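*Asks:* Following this message is one structure expressed as structure tokens.
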Amino acid sequence: MGTAKRSTYHHGNLREVLIDAAVELIAVHGAEKLSVREVAKLAGVSPGAPFRHFATRTDLLTAVAEQASRKLRHAVEAAMQRSAEQPALLRFAAIGHAYLQWAKTYPTHFRVVSDRALTHYASSACMQEDNLWIRSQMGQLLENAWGPSTQESAPLAQMAARALVYGLARMNVDGHFPEWSLADDQATAADHRTLDFFIALLQLQADAKTPSLRRP
């Protein structure tokens with residue numbers, strides 16, 4: 001760990017200090033072994049101090065996931081701004097590329113927020129709001145790229161894109177890419193190149209004017 005113990009914290013920011021300490025411990029030991037007592041020890045506070053903010057371990061993990069959700073949304077918002085002048089399908093791709101880069105940058109946050117069993121996702125307005133916002137951006141961009149006549153195919157394309165990007169992020173974070181015998185420079189960008197391959201297929205559908213992802 002980068003910090004053995006935090007002996008002090010500024011008045012009023014204990015909640016943030018505890019979340020940061022939790023992320024640090026999860027990165028070393030995994031979310032399943034997270035202990036609120038160890039979080040308090042690393043934060044440099046009494047064992048009972050965390051319970052002022054988090055009644056349970058799951059509450060603390062939910063706070064980590066909410067921090068992850070907000071970081072991801074900010075990353076996507078930035079990607080949307082950077083690609084504002086690009087065609088709709090490239091902006092759709094920009095969301096995926098932002099997700100992949102975010103997962104590389106915050107692998108611990110990715111692991112926590114992607115495991116719904118660890119958190120109170122169903123009662124987290126923050127996570128649900130951020131997730132819905134990203135999904136709505138994806139849906140609108142697909143409609144812009146394909147037109148309003150593709151209401152049946154577009155949700156399937158959106159789900160396929162989300163599954164692909166999530167799977168690529170998981171493979172990268174879990175260290176699977178070396179198995180594919182890629183050169184180092186290729187492995188570094190393998191997830192982004194795979195996403196570009198998928199987007200090219202979606203572009204073919206857009207060019208055909210009548211996209212359909214249904215089985216024959």
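The values are calculated or read from the model by the stated rules, or taken from the named source; none is laboratory data. For clarity, every value in this text was computed on a predicted model and none was experimentally measured. FYI the Cβ positions are ideal-geometry reconstructions off the backbone, even for glycines, and counts take in every protein chain you see. Just so you know, the surface numbers come from the protein's heavy atoms only, side chains and all, with ligands and any DNA or RNA stripped out. Shrake-Rupley method; radii C 1.70, N 1.55, O 1.52, S 1.80 Å.
*Asks:* Treating only the Cβ atoms of Lys and Arg (+1) and Asp and Glu (-1) as charged, compute the dipole magnitude of the chain about its Cα centre; round to the nearest 20 debye.
*Replies:* With Lys and Arg at +1 and Asp and Glu at -1, about 500 debye.
*Asks:* I would also like to ask the following. Heavy atoms only, 1.4 Å probe, whole protein assembly: order Trp180, Trp146 by accessible area, highest first.
*Replies:* Trp180, Trp146
*Asks:* Sticking with this one: Just to confirm the number: angle between the C-alpha axis of helix 88-105 and the first principal axis of the chain, 0 to 90 degrees, nearest 10?
*Replies:* The angle comes out near 30 degrees.
*Asks:* Separate question: Any chance you could check the Cα centroid distance between segment 50-72 and segment 161-181 for me, in angstrom?
*Replies:* Rounded to whole Å, the Cα centres lie 26 Å apart.
*Asks:* Now for a different question. Counting Lys +1, Arg +1, Asp -1, Glu -1, what net charge surrounds Pro47 among other residues with beta carbon under 11 Å of its beta carbon?
*Replies:* +1
*Asks:* Could I have the simple spin-label model distance between Ser35 and Glu129, label points 7 Å from Cα toward Cβ, reported in nm to one decimal?
*Replies:* Result for the modelled spin labels: 3.6 nm.
*Asks:* Can you match semi-axes √(5λ) of the Cα gyration tensor in Å to one of these, [x] 27, 22, 18; [y] 38, 19, 14; [z] 24, 21, 15, based on a calculation from the structure here?
*Replies:* For semi-axes √(5λ) of the Cα gyration tensor in Å, the calculated option is [y].
*Asks:* If you build the convex hull over the alpha carbons only and average its shadow over all orientations, what do you get for segment 60-176? Give it in nm² to one decimal.
*Replies:* 7.4
*Asks:* Return one number: the angle in degrees, 0 to 90 and rounded to the nearest 10, between the long axis of the Cα atoms of helix 125-146 and the longest principal axis of the Cα atoms of the chain.
*Replies:* 10
*Asks:* Another question about this same structure. Count the lysine pairs in the chain that are 8 or more places apart or on different chains: how many have C-alpha atoms under 24 angstrom apart? Provide the component values of the computation, followed by the final result.
*Replies:* Numbers: Lys5/Lys33; Lys5/Lys41; Lys33/Lys41; Lys33/Lys71; Lys33/Lys104; Lys71/Lys104.
Final tally of qualifying lysine pairs is 6.
*Asks:* If you count only protein heavy atoms with a 1.4 Å probe, what accessible area per residue comes out for the chain, rounded to a whole Å²?
*Replies:* Value returned for the chain: 56 Å² of accessible area per residue.
*Asks:* Between 0 and 90 degrees, rounded to the nearest ten: what's the tilt of helix 153-173 against the longest Cα principal axis of the chain?
*Replies:* That works out to roughly 50 degrees.
*Asks:* For Asn131, what charge total do you get from the other residues with a beta carbon under 12 Å from its beta carbon, if Lys and Arg give +1 and Asp and Glu give -1?
*Replies:* Details: positive: Arg70, Arg73, Arg116, Arg135, Arg162; negative: Glu66, Glu129, Asp130.
Result for the neighbourhood of Asn131: +2.
*Asks:* A further question on this structure: Which residue, Asp174, Asp130, Asp196, has the most motion in a Gaussian network model of the chain that connects Cα atoms within less than 10 Å?
*Replies:* Result: Asp174 has the largest fluctuation of those listed.
*Asks:* Let me ask something else about it. For segment 58-195, what % of the accessible area comes from carbon and sulfur atoms, probe 1.4 Å?
*Replies:* With neighbouring chains kept in place, the figure for segment 58-195 is 54 percent.
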